[in-house]
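The next block holds one structure in the form of structure tokens; read it before the comments.
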């Protein structure tokens, strides 16, 4: 039995066998797949998970598309906080 967990936003290549945890917003590659790198510092990963922008209403995503595409994790988290959409610190994103 093979168990794997890539975490939120984890990237791997289709058809790879993942032999470890890639973690949230991590990248893996190879066969078997192994972690390659982290996209963000741990503090920024926490911010992005709390903001959970992929669960925002489409109108809010459209309004703040520039921040989502090229802003900082702190800016994205602030938009979520101002709109009552940020998960509690230490909690899971919705």
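Scan 10, 71, 84 and give me the residue that is surrounded by 12 or more Cβ atoms within 10 Å (Cβ to Cβ) and either over 12 Å from the mean Cα position of the chain (by Cα) or at pLDDT 80 or above (or both).
71
Quick check on my filter: what residues within region 25-60 are loosely packed, with under 15 Cβ neighbours inside 10 Å and under 16 Å from residue 83 (Cβ atoms)?
Within region 25-60, 54, 55, 57, 58, 59 meet the criteria.
Out of the residues in region 13-24 that are loosely packed, with under 13 Cβ neighbours inside 10 Å, at pLDDT below 60 and more than 18 Å from the chain's Cα centre (by Cα), which is farthest from residue 77 (Cα to Cα)?
The selected residue is 15.
The values are calculated or read from the model by the stated rules, or taken from the named source; none is laboratory data. Note that the coordinates shown come from a computational prediction; the quantities given were computed from them, not determined experimentally. All Cβ positions, even for glycine, are placed from backbone atoms using ideal geometry, and neighbour counts span all protein chains on display.
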